Amino acid sequence: MSRVVVGLSGGVDSAVAALLLKRQGHEVIGVFMNNWEEEDDSGQCSAQQDWEDVRSSCQILDIPHYSVSFAREYEERVFSHFLKEYRAGRTPNPDVLCNREIKFSAFLDLAVKLDADYMATGHFVQRTQAGDLLRGADPAKDQSYFLYMTKAHQLRQTLFPVGHLTKQEVRQIAREAGLLVSDKKDSTGICFIGERRFKQFLQQYLPAQPGDMVTEAGEAIGKHDGLMYYTIGQRKGLGIGGRGDGRSWFVADKDLKNNRLILVQGEDHPKLFARGARIEEITWVNEVPAIRDNEALALQVKLRYRQPDQKAWLTMTGDKGILQFDKPQRAVTPGQSAVFYDGDVCLGGGIVVSSL
RNA sequence: UGGGGUGUAGCCAAGCGGUAAGGCACGGGACUUUGACUCCCGCAUUCGUAGGUUCGAACCCUGCCACCCCAG
């Protein structure tokens, strides 16, 4: 029997994680993180409801539970970087940072302080004894993409009780145990912040900087109100209709120097596809692969969550590298994460700095 | 000022006397622990305007208005 501190979100997955740990005979302590104190778009503080759900589940499971706030850490280590990236015209993924800095750092420290043997989360991922990160068993819910920045030593201190289950099985277990959250809708949006009208949300922090929307040829066809509010491959929100051949327009690129958004027409436009990507800040979960500079490593890559694996070749120098895709990839976006896989092992990944 | 042309939803655009296609944009929903993409649903009782012909008109006729082109 071990002492395990479980991160509870108020959702089904973490509640079932706690349930399974308890069944295994561990001493389970539930901890709810409230890292963002602000109401969501529905006008209510969803964190409040989540905390109610945590209390409800823990009462049913009969485990002690607490609420902590890492709002300051979240602000300093995740959100400030998130804004900095947007200011620079990139499209960051705050959740990969949140996992590295908050859940697998600040929260893990707390667990250690509470004299726990392990921390646990409701992530749909698995790990080996050696500290390799494996995909979750449910291919539709695998969340390894979001954990690629974690390290083996952190994983070895973490249990993922639902990683070998499917979402359906998790809900079934919750139902049988009488948990009120068994049919609660999956949460989406930025972790801890929740669903937002994204552009409006950003506008609270980043002032508008209007400019032109232009075609490849440089023809101005509309106005944008700030390059940071748009991302590569985006279609919605451009407000351009009836031009050209009548098909939809997509963001192909950002001209930061001239504050212009470059648009192309048609979802299959060649400018929306890239044969490769330049990446930086490459990190490895466990073993660093033994390859020399300029030697290509074959791997599978995901350029976004839930994307099917893509075959690619990686060559690297230090923590920078170049990825070459077997098949051209759509909307390869600076700031986003390219995550590497070898079979079911999530090896690590890097941040896209440009498409090639 | 003559001559010709055009006026259909925010934009583009079918329709040619029988009771308003389609696309884009936009809105809503689904999907989704980032941002996107994608999918589904919705979106003109009304056709520049005022009359007339007709059982019946966006489609025919007349006046007016607006815009475009060519003359001057």
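The criterion of at least 1 residues that are in contact with a helix residue (DSSP H, G or I) (Cβ under 9 Å, 6 or more places away or on another chain) and of a type in the set (S, T, N, Q) is met, among helices (runs of 4 or more DSSP H) falling completely within the range A:46-153, by A:46-61.
Scanning the range A:199-227 for residues that are touching a strand residue (DSSP E or B) at 6+ places or on another chain (Cβ under 9 Å) and in a helix (DSSP H, G or I) yields a count of 2. Count of the range A:210-263 residues, restricted to those that are near RNA strand B (Cβ under 7 Å from one of its atoms), among the basic types (Lys, Arg) and farther than 18 Å from residue A:330 by Cα, is 1. Pairing each residue of the range A:88-100 that is under 21 Å from residue A:255 (Cα atoms) and more than 10 Å from RNA strand B (Cβ to nearest atom) with any residue that is open to solvent by less than 20 Å² (accessible area, probe 1.4 Å) and assigned to a helix (DSSP H, G or I), provided the two are 6+ apart or on different chains, yields C-beta distances under 9 Å for A:88/A:228; A:89/A:227; A:89/A:228.
In this structure, residue A:299 does not qualify as open to solvent by less than 20 Å² (accessible area, probe 1.4 Å), farther than 30 Å from residue A:156 by Cβ and either in a strand (DSSP E or B) or aromatic (Phe, Trp, Tyr) (or both).
Annotation note: of A:223, A:151, the sole residue that is in contact (Cβ under 8 Å) with a residue 60 or more places away in the chain and among the basic types (Lys, Arg) is A:151. Does residue A:286 satisfy the criteria of being more than 16 Å from RNA strand B (Cβ to nearest atom), out of contact with any Phe, Trp or Tyr (no Cβ under 7 Å at 6 or more places or on another chain) and open to solvent by 70 Å² or more (accessible area, probe 1.4 Å)? In short, no. I'd like to know if the range A:186-194 contains one or more residues that are within 11 Å of RNA strand B (Cβ to nearest atom), part of a helix (DSSP H, G or I) and either free of Cβ contacts under 8 Å to residues at least 24 places away in the same chain or of a type in the set (S, T, N, Q) (or both). No, because not a single residue in the range A:186-194 is within 11 Å of RNA strand B (Cβ to nearest atom), part of a helix (DSSP H, G or I) and either free of Cβ contacts under 8 Å to residues at least 24 places away in the same chain or of a type in the set (S, T, N, Q) (or both).
Name every residue in the range A:305-353 that is more than 16 Å from RNA strand B (Cβ to nearest atom) and not in a strand (DSSP E or B), in order of residue number. The answer is A:318, A:319, A:343, A:344.
Residue A:279 fulfils the conditions (1) of a type in the set (Val, Ile, Thr); (2) over 18 Å from the mean Cα position of the chain (by Cα); (3) buried (at least 17 other Cβ atoms within 10 Å of the Cβ) except for a single criterion, (2). For the range A:123-162, which positions are among the charged types (D, E, K, R) and either open to solvent by less than 40 Å² (accessible area, probe 1.4 Å) or touching an Asp or Glu at 6+ places or on another chain (Cβ under 9 Å) (or both)? Selection gives A:132, A:135, A:138, A:141, A:142. Given the structure, is residue A:22 under 18 Å from the mean Cα position of the chain (by Cα) and away from RNA strand B (no atom under 13 Å from the Cβ)? Against the criterion (under 18 Å from the mean Cα position of the chain (by Cα) and away from RNA strand B (no atom under 13 Å from the Cβ)), residue A:22 does not qualify. When the residues of the range A:38-82 are filtered to those that are in contact with a Cys (Cβ under 8 Å, 6 or more places away or on another chain) and acidic (Asp, Glu), the one that is modelled with the lowest pLDDT is A:39.
The values are calculated or read from the model by the stated rules, or taken from the named source; none is laboratory data. Given the structure is predicted, the values throughout are model-derived calculations rather than measurements. Reconstructed Cβ throughout: ideal geometry from the backbone, glycine too, with neighbour counts over all protein chains shown. Side chains are part of the model used for accessible areas, which takes the heavy atoms of the whole protein and leaves out ligands, DNA and RNA. Shrake-Rupley method; radii C 1.70, N 1.55, O 1.52, S 1.80 Å.
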